[in-house]
Amino acid sequence: MHQCSACHTKIKDSECMQCCVCVAYYHCICVAISPAQLKNLPTEVKADWLCPECRNKKPRSDNSNTPVRPSTPSNPKANVTLRHKGPDSLLESDAGTSFNVSRSELRAIIQEEMRVIMEECVRDLKADLNRQLKAFRGEITGLTESIQFMNDSFEQFNKDLSGCKTKIDTIIKEKETLQSDLIIITSRLNQMEQISRASNLEIECVPERKSENVLSIVTQLSKTISYPISESHILYCSRIAKNPESTRPRSILVRLNSPRSRDSLLAAALKYNKTHSQEKLNTEHVGLGPNRKTPIYVVENLSPENKLLHALSRKRAKELQYKHVWVRGGRIYMRKTDTSEYVLVRNKSTLDNIS
């Protein structure tokens with residue numbers, strides 16, 4: 001690193017000019033050359049450049065030399081006018097031009113250079129900020145579009161959800177209507193099924209034997225209860241299926257020629273049991289031997305739903321200490337005492353509501 005012959009400070013190679021005669025180094029600013037001008041100077045011009053001191057060695061009218069910077073100037077504050085010229089004009093200026101630079105002028109030159117540099121920095125900073133802001137605006141635009149898309153999707157989801165809720169409410173109403181209709185239809189179907197059994201009765205707890213004649217058992221029973229019927233009155237007679245878990249024998253299903261005949265036979269059996277309370281209908285009355293007497297029962301032939309309801313009614317009557325549970329015309333009745341009002345059991349809800 002060299003030393004400036006004018007200001008006697010260190011100088012960088014990229015910021016100096018070298019005289020081709022005295023080979024001295026100078027700050028470009030000290031010889032009134034800006035960094036921009038120095039950068040644009042051709043190589044051959046730099047090689048032939050003369051410092052101000054060498055230029056002033058030519059004799060003048062007063063035989064005095066003009067130094068670059070006197071060591072003890074008579075007037076330190078003296079100002080020398082500095083003309084800004086192009087590189088060629090600076091190099092080719094006549095020897096009479098003064099290159100003395102005051103501190104204020106040097107300060108002004110430095111300030112000007114700093115201003116130029118700062119303007120360039122500000123310009124570069126603005127350009128960089130504009131690029132970053134442009135990219136940031138692009139990201140903000142993308143984020144805004146994403147948020148708008150999510151908002152539109154959420155609104156569409158709310159619309160779909162509202163539509164689904166409306167459909168669900170409609171389906172629930174339809175379901176309730178269908179359930180109500182199903183209950184009505186089931187009740188009517190049960191009534192029709194019970195009506196179709198109006199001529200049927202069942203004889204329960206009759207022991208089963210091989211090669212038995214259930215028709216003769218029925219006729220023998222009718223004679224016992226004083227309501228004899230002929231085989232011509234019996235349209236169908238057979239044992240029916242039972243619950244495999246039950247130990248009771250299969251019941252005998254009898255279909256008579258009319259509901260009136262069925263009701264008369266049931267009334268005769270009921271009357272017989274009332275008049276023979278000590279010897280109610282049993283296996284001996286149907287010719288199954290006197291050694292073992294087991295009770296037999298003559299009841300109406302109920303539909304499967306009514307059979308289940310009858311069993312639940314008996315269980316409920318036992319819990320609530322109801323005295324009577326009976327069936328009449330396919331309908332189930334309950335009575336708590338001999339003198340209390342009867343209750344018609346229509347469905348399970350009736351059993352839940354009685355007390």
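A Cβ distance below 7 Å, combined with a sequence gap of six or more or placement on separate chains, defines the contacts here; from segment 263-292, residues that are in contact (Cβ under 8 Å) with a residue 40 or more places away in the chain reach residues that are small (Gly, Ala, Ser) and crowded, with 17+ Cβ neighbours inside 10 Å in the pairs 265/222; 281/269. Annotation: of all residues in segment 279-290 being modelled with pLDDT under 90 and among the aliphatic types (A, V, I, L, M), the one that is farthest from residue 328 (Cα to Cα) is 288.
Picking from residues in segment 230-278 that are among the acidic types (Asp, Glu) and either in contact with a Lys or Arg (Cβ under 6 Å, 6 or more places away or on another chain) or in a helix (DSSP H, G or I) (or both), the one that is nearest to residue 297 (Cα to Cα) is 263. Within segment 25-49, residues that are crowded, with 20+ Cβ neighbours inside 10 Å sit with their Cβ atoms under 6 Å from residues that are charged (D, E, K, R), at 6+ positions apart or across chains, in these pairs: 28/15.
To keep it simple, each residue is scored yes or no on (1) more than 60 Å from the chain's Cα centre (by Cα); (2) modelled with pLDDT of 90 or more.
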{"residue": "218", "(1), (2)": "yes, yes"}
{"residue": "223", "(1), (2)": "yes, yes"}
{"residue": "227", "(1), (2)": "yes, yes"}
{"residue": "240", "(1), (2)": "no, yes"}
{"residue": "252", "(1), (2)": "yes, yes"}
{"residue": "268", "(1), (2)": "yes, yes"}
{"residue": "277", "(1), (2)": "yes, no"}
{"residue": "292", "(1), (2)": "yes, no"}
{"residue": "302", "(1), (2)": "no, yes"}
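Being among the aromatic types (Phe, Trp, Tyr), in contact with a His (Cβ under 9 Å, 6 or more places away or on another chain) and not assigned by TED's automatic domain parsing to the domain that holds residue 216 is a property that does not hold for residue 322. For segment 225-245, the condition holds for no residue, the condition being that it is of a type in the set (S, T, N, Q), crowded, with 18+ Cβ neighbours inside 10 Å and not assigned by TED's automatic domain parsing to the domain that holds residue 330.
When residue 341 is tested against the conditions (1) closer than 30 Å to residue 191 by Cβ; (2) in contact with an Asp or Glu (Cβ under 7 Å, 6 or more places away or on another chain), the lone failure is (2). Of the residues making up segment 315-341, those that are touching a strand residue (DSSP E or B) at 6+ places or on another chain (Cβ under 7 Å) and surrounded by 13 or more Cβ atoms within 10 Å (Cβ to Cβ) number 12.
The values are calculated or read from the model by the stated rules, or taken from the named source; none is laboratory data. Model, not experiment: these values are computed from the prediction. Quick reminder, even Gly has a Cβ in these numbers, built from the backbone with ideal geometry, and neighbours come from all protein chains shown.
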